[in-house]
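Here the structure is laid out as structure tokens; the discussion comes afterwards.
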Amino acid sequence: MHKILLIIQREYLSRVKKKSFIVMTFAVPLFFFALYAGMFYLTKKSFKDSHTEVFVLDKQGDFASKLQSNKNVSYTVSPLSLQAQKAQLAKSEAKQSILYIPKDILSSQKAELITSGKTSFVTQEIITEQLEEIIREKEYKAKGIDLTIIQSIKPKVAIDAKEITADGEEKNSNTAIAMGLGVALAILVYLSLFLYGAQVMRGIIEEKSNRIIEVIISSVKPFQLMMGKIVGIGMVGLTQFVMWLLLTGGLFITATILFVNPQDMQEVAASQPGGGNMSTVSKAMAQNGSAAILSSIQSFNFTEVIIFFFLFFIAGYLLYSAIFAAAGSAVDNETEANQFSMPITMPLLLTYILSFGVIINDPNGPIATWLSFIPFTSPIAMLVRIPFGVPLWQILTSLALLIVTFLLVTWVAARIYRVGILIYGKKANLKEIIKWFNYKS
């Protein structure tokens, strides 16, 4: 045990002192913050810069006077013919369009929007909605329906989603937060397991190629060396994770409270195509601003998510690192290691892809449930499901199966590792690896 602790200390200190570790620890939160700020700024700016001047040629007669200019579109009735207006548009460098309203628009319900380049989808949507509203008013009037009564009826339904617990108590469903958190955890766990598992494999290949392993193995057992490397690199990963969470969370919360105007959030959300089809929860958040968002966040059980995140991350990391360690001992360079990387990470990749559709849309369905019980897929599948609410017995069963599988895989990996780290210049295949496993001590 003492030797394993020394190897853990060696691996941990040698990696946290590297300049690359320090740079990555601070660069990643800054990168995500810059990405968040850049996306918000560019989205807001793009809708501000999307203003279009539209020249209206109204052959029907009374449509042009009812079109209303806004921050995205301004209408000007054109005195020119369609051909003359097209010629002027071709020479203009400004953002302009021609709206040609035919005489039979009420029956054909078609109009033409002509631009010098690609037509903005936002501009098309605004013009289409206004033309539809004008036609609708005319149809109401033709059928003798009082338009003022219809306009006065504007129902706004906000669904307050609740769920009943096993104790019969009601609590907020927080579906939007659960979906966002589920996607974030899927990305985080997939990248972290692949990143730190690959680090274990690279570390073994590096020591093996430099023949350092021969010196180390003279004083410790192969199993002790393997476990020391796995746990040491895992502790480095946890340290980096905690710092990433604290720095990224602090930057996001501070920037949202101090610099983001709730009205800007509403405008950006409403200006996007399909903004009218936003989910009820998302629309409420956009309309109520920071208060609604903070209220939903405060009512969500983050403690449970964080605790199980670390448990499944650690267990999943140990499982995949043991497999990566065995693969690293079987090859002499990273080029040969690539043939093992894809089969090892295939279960994670499959679950990662399914998490964006199948698991999030039906977190308690049979596919999501079975994926959360299979040890090679549960580190992602279960963490995506937990924000939606999972029975405790399922979480504990999944965790127990993951730990038991880790112990079994570690035993198998150690038998391969003890032989593989001393084999040089021989390309390993499945038959050779099975032979290593069957070697007597």
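The values are calculated or read from the model by the stated rules, or taken from the named source; none is laboratory data. These numbers were taken from a predicted model, which means no experiment stands behind them. Note: ideal-geometry Cβ built from the backbone for every residue, glycine included; neighbour counts use all protein chains shown. We work out accessible area using only protein heavy atoms, side chains counted, and drop any ligands, DNA or RNA first. Shrake-Rupley method; radii C 1.70, N 1.55, O 1.52, S 1.80 Å.
Structure summary
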{"read-out": "Conditions (1) touching a residue at least 40 places away in the same chain (Cβ under 8 Å); (2) farther than 23 Å from residue 304 by Cα; (3) among the small types (Gly, Ala, Ser): number failed by residue 357", "value": "(1)"}
{"read-out": "Among residues of region 99-134, those that are out of contact with any Ser or Thr (no Cβ under 7 Å at 6 or more places or on another chain), within 30 Å of residue 151 (Cα to Cα) and without any contact (Cβ under 8 Å) to a residue 60 or more places away in the chain, counted", "value": "19"}
{"read-out": "Checking residue 194 against (1) part of a helix (DSSP H, G or I); (2) open to solvent by 30 Å² or more (accessible area, probe 1.4 Å); (3) farther than 22 Å from residue 18 by Cα, the condition it does not meet", "value": "(3)"}
{"read-out": "The listed residue being farther than 27 Å from residue 221 by Cα, exposed (fewer than 14 other Cβ atoms within 10 Å of the Cβ) and touching a Leu at 6+ places or on another chain (Cβ under 8 Å), out of 367, 380", "value": "367"}
{"read-out": "Any chance residue 212 is open to solvent by 30 Å² or more (accessible area, probe 1.4 Å), out of contact with any Leu (no Cβ under 7 Å at 6 or more places or on another chain), within 23 Å of residue 21 (Cβ to Cβ) and in contact (Cβ under 8 Å) with a residue 12 or more places away in the chain", "value": "no"}
{"read-out": "Number of the exception - residue 89 against (1) surrounded by 13 or more Cβ atoms within 10 Å (Cβ to Cβ); (2) more than 21 Å from residue 128 (Cβ to Cβ)", "value": "(2)"}
